[in-house]
Amino acid sequence: MGDNLSYQKLQEKLHSLENEFQAYKEMIESWREAKKRFYSLSNRTQDGIYNFNLSIRKYVYTDPSFIKMFGHPCKDIVTKHSVMERIHPEDRQKLQEEIKASLLDYRDGGEVEYRYFDASGNIRWAHDRWIVLRNDQGVPTAIEGIVRDITEMKNIISIKNYLESLLESCMDAIIVTDEKGRISFANRGAEELFRIKRKDLLGTFIGDITKNELNNSRSMYEIILEHAPTSNYEFEAQLLDGRIIPLLVSSAFLKDEKGQIIGTINYMRDISTRKQDEEHIRMLSQQLIRAQELERSSIARDLHDHLAQNLYSFNIQLSAFFECPTYT
């Protein structure tokens, strides 16, 4: 009887071990599949992925993109030396200081942007972001991170900043809207023209800040849609503060790569001074014309009076001639 109980317990124990082993196999298989997917994904990504072991001071894992960015020129390996050689000399200290700071107890990781040299020697930009792995005692054991090449983004930002500086330097108002007429950009000139803070202009419907004084039912946006693309279109504008000013407007549609309209860009100039100058010139011209007419009238009168005097004198002389005795 006792032997049967012992055998039964052994059977149950064996069955339990078999279940645990099967679960372990499934876990291992799942882990292998996850690892396989990770390596497949890391091999396709353009970002550099790395794991740097702090105890042996070596990279224990680097994906192909990281090797391409920081590996030895003639070898498919990455070392601490090869990485530092690729990083721009002026940015090495910044990276080292940020890594050192991230190893402090209260830090989980860090990030930094720096320049590096690609395989052809060209200077490029990278964004490096990492986490610090620690043991149970909180001692840093490794650094895992992702490096992304941001050269194109830097170039785009540089171009954007350059264009914005050009727009800001323009004294006239420049307003950009989306396809629904909402203001997405306004320069300093727009603030001064409409006397509205830029933060209050952004997101506002352009038709709400000015209307056509000649027809209050039409907003500026309707005029833009009707006439764009146009250059030097004039109209009387009523602004939110009650001012009525003449505006010179040039507008164009912004389109995407498919040719779909995604917004408008509008250039506006207050031509009040020009209109005043034109009115002043018109008045001066009228005064000049009147002065010329008066001058002509004066000259005509003088000519008429002089001719009359000459005729009268000639008539007297002629009468005296005919009355002369010798003639009779």
Two-site FRET efficiency, D256 against V139, from Cβ-Cβ distance with R₀ of 45 Å, rounded to 0.05: 0.25
Likely footprinting exposure, H127, H81, fewest C-beta neighbours within 10 Å first: H81, H127
Packing-based order for 152-160, 56-64, using average beta carbon neighbours within 10 Å, highest first: 56-64, 152-160
Sum of side-chain charges, K255 neighbourhood, beta-carbon under 13 Å (Lys, Arg +1; Asp, Glu -1): -3
Cut-off 9 Å between beta-carbons: net charge of the residues surrounding K80, Lys and Arg +1, Asp and Glu -1: +2
Under the Karplus curve 6.51 cos²θ - 1.76 cosθ + 1.60, θ = phi - 60°, whole-Hz ³J(HN,Hα) for region 14-21, x wherever Gly or Pro sits: 5, 4, 5, 5, 4, 5, 5, 5
Calculated over region 119-267: convex hull of Cα atoms, volume per residue (Å³): 209 Å³
5 angstrom amide H check on F185, placed H, neighbours 5+ away: V176
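Every number here is computed from the coordinates shown, using simple stated rules; none is lab data. None of these values were measured; they are calculated from a predicted model. Note that each Cβ is placed from the backbone with ideal geometry, even for glycine, and that neighbours are counted across all protein chains shown.
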